[in-house]
1. Just to confirm the number: angle between the C-alpha axis of helix 117-132 and the first principal axis of the chain, 0 to 90 degrees, nearest 10?
2. Just want the answer: with Cβ charges of +1 for Lys and Arg and -1 for Asp and Glu, which residue in 230, 102, 208 is farthest toward the dipole's positive end in the chain?
3. So if I place +1 on the C-beta of Lys and Arg and -1 on the C-beta of Asp and Glu, and nothing else carries charge, what would the dipole magnitude of the chain be about its Cα centre? I want it in debye, nearest 20.
4. Just to confirm the number: angle between the C-alpha axis of helix 54-64 and the first principal axis of the chain, 0 to 90 degrees, nearest 10?
5. What nm distance separates the two modelled labels at residue 7 and residue 195, each placed 7 Å from Cα along Cα→Cβ?
6. Once you have a ≥ b ≥ c as the square roots of the Cα gyration tensor eigenvalues for segment 1-70, tell me rounded if a/c is under 1.5, and otherwise prolate or oblate according to whether a/b is larger than b/c.
7. Using DSSP to define loop residues, name the trypsin sites (Lys or Arg not before Pro) in segment 1-93 whose beta-carbon has at most 13 other beta-carbon atoms within 10 Å.
8. What pairs from 27/213; 49/209; 22/189; 27/67; 11/36; 67/122 go past 20 Å between their alpha carbons?
Amino acid sequence: MNDFTFNYYKKIFQTALDNNYKIITLKEFFNNEFNKNDKILINRIDVDKEINRLKIIYKIFQELNIKGSIYTRLHAPTYNLLSIGNIKIIQDMVSIGCEIGIHTELEDLKGYCNIDSKKILKEEIKLFETIFKSKIYGTASHGDITHFNNLNFWKNNNVEEFGLTYEAYDKKLWNNCRYISDSELIRWKVYENGKLIENDRRNPIDHIKDDCKTILLLTHSDIWYEKYIYE
C-alpha cells in the first residue's frame with residue numbers, strides 16, 4: 001500500500017499509539033530520555049522542498065498529542081526559512097514540543113561556494129537558536145542530486161565541538177533500529193540495524209504491527225498531500 005495522503009499519515013501515528021508505542025524525538029533518544037522497556041517510534045521529518053505542509057502536520061500532531069524532530073534547510077532553493085510566515089510555522093511546531101534541527105548542506109557549501117563548513121555550521125546553530133528560541137541538539141545531513149555527500153563532513157568532525165548531541169545518522173541509532181523511509185517518493189524502503197532489506201516495501205503500519213522494539217520513521221513534508229501531490 002502506497003498511500004501518501006495526510007489521512008494515512010495520521011493513521012500511521014494513531015496505529016503506533018494504539019499499539020503502545022511511545023513517539024519520541026531524536027533528541028530524546030540520544031539523551032536517553034525514554035523508558036528502555038517501552039516500544040518507541042522515533043519521529044523524524046525532513047523539510048526538503050515544501051515547508052507549508054508542516055501546517056497540516058502541526059494539526060495532526062496537536063490532535064494526537066505527539067511530537068517529532070523537524071529538520072529544515074537554510075539554503076533550500078524552494079522556500080525561505082527566515083520569512084515571517086515560515087518562522088511562525090516553526091514556532092508552532094516548537095510550541096507542541098517538537099524538536100528543531102538543521103538539515104545541513106555543509107559539503108555543498110564547501111564545494112560550490114568555497115565556504116568554511118565548520119565556521120558556517122557554528123553560525124547556523126547560533127542563527128537557529130536566536131530566531132527560533134529553541135536549542136539545537138542535532139543535525140541531519142541533506143541528500144541531494146549534487147556532486148557532494150553532505151554526510152562526509154562528519155568523517156573528520158565531532159558533534160561535541162559544535163555543542164551538539166548527535167547527527168541523525170549516528171550509528172547508535174542507525175545500527176539499532178528499523179529505519180522506515182519515504183525517501184523514494186512513491187514507495188517505502190527499510191533498513192534493519194543499518195542494512196537495507198531488499199524488496200521490503202511494506203508500509204509503516206505493517207512494521208508497527210510486527211511489534212518491532214525501535215522504529216525510526218523518516219517522512220518528508222513535501223511528499224504528503226491531502227488529495228493530489230502537486231496541490
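The values are calculated or read from the model by the stated rules, or taken from the named source; none is laboratory data. Model, not experiment: these values are computed from the prediction. FYI the Cβ positions are ideal-geometry reconstructions off the backbone, even for glycines, and counts take in every protein chain you see. Keep in mind that these areas ignore ligands, DNA and RNA; they rest on the heavy atoms of the full protein, side chains included. Shrake-Rupley method; radii C 1.70, N 1.55, O 1.52, S 1.80 Å.
1. Taking the Cα atoms of the chain, the angle to 117-132 is about 60 degrees.
2. The residue sitting farthest along the positive end of the dipole is 208.
3. Details: 33 positive and 34 negative charges, 73 e Å.
Around 340 debye, computed over the chain.
4. Relative to the chain, helix 54-64 is tipped by roughly 40 degrees.
5. Computed distance between label sites residue 7 and residue 195 equals 3.9 nm.
6. Working: a/c = 2.08, a/b = 1.38, b/c = 1.50.
Oblate shape, in that a/c is at least 1.5 and b/c is the bigger or equal ratio.
7. Values: sites: 10, 11, 22, 27, 36, 39, 44, 49, 53, 55, 59, 67, 73, 88; in loops: 36, 49, 53, 67, 73.
Here the sparse-neighbourhood loop sites are 36.
8. Working: 27/213 18 Å; 49/209 31 Å; 22/189 22 Å; 27/67 11 Å; 11/36 25 Å; 67/122 26 Å.
Too far apart for the 20 Å limit: 49/209; 22/189; 11/36; 67/122.
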